[in-house]
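Below you'll find the structure, written out as structure tokens, and then a few comments.
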Amino acid sequence: MNTPTITDRARPALRLALGGGAALAIWFAAVFATTLIVNPPTIVAFGNSESLLRAVAAAGGSPVRIGRGFVAARMPSAQATRALVGRGAWAVWPTTSGICVDPEVLRRAFGDSA
């Protein structure tokens, strides 16, 4: 007689969790790569908001929405979008356009000239 043990029952759950994690990693990598290859009209970059805001301005983009840890912006080209990764964005994804920019974040990022 062969009775299943607790570890026998945990293996399918572990396999499912690892498979789900791998699928998510592949999905996020594909979205990231697509954003860098295709030029979506609006992107969202994740990282330090103030440094991303400076990077967007330096690349010729215009900020659309700013939040803690992200900046949504309209970028002029795929090359400008790729430049964000070199300037501190740890992920860049396509997005629908946002509608507001927090003026306080602009003031902190650019000083009183904003």
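The values are calculated or read from the model by the stated rules, or taken from the named source; none is laboratory data. Note that this is a predicted model, so its numbers are computed, not measured. A quick note on method: Cβ atoms are made from the backbone with ideal geometry, for glycine too, and the neighbour counts reach across all protein chains shown.
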> Can you tell me which of Leu84, Leu36 is in a helix (DSSP H, G or I), surrounded by 13 or more Cβ atoms within 10 Å (Cβ to Cβ), aliphatic (A, V, I, L, M) and modelled with pLDDT of 85 or more?
Replying inline: Leu84
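Scanning the range 43-70 for residues that are polar (S, T, N, Q) and in contact with a strand residue (DSSP E or B) (Cβ under 8 Å, 6 or more places away or on another chain), which turns out nearest to Gly86 (Cα to Cα)?
If we filter the range 43-70 for residues that are polar (S, T, N, Q), which is where we start, we get 48-49, 51, 62.
Checking which are in contact with a strand residue (DSSP E or B) (Cβ under 8 Å, 6 or more places away or on another chain) leaves us with 49, 62.
Values: Ser49: 15, Ser62: 18 Å.
Only one residue fits best here, namely Ser49.
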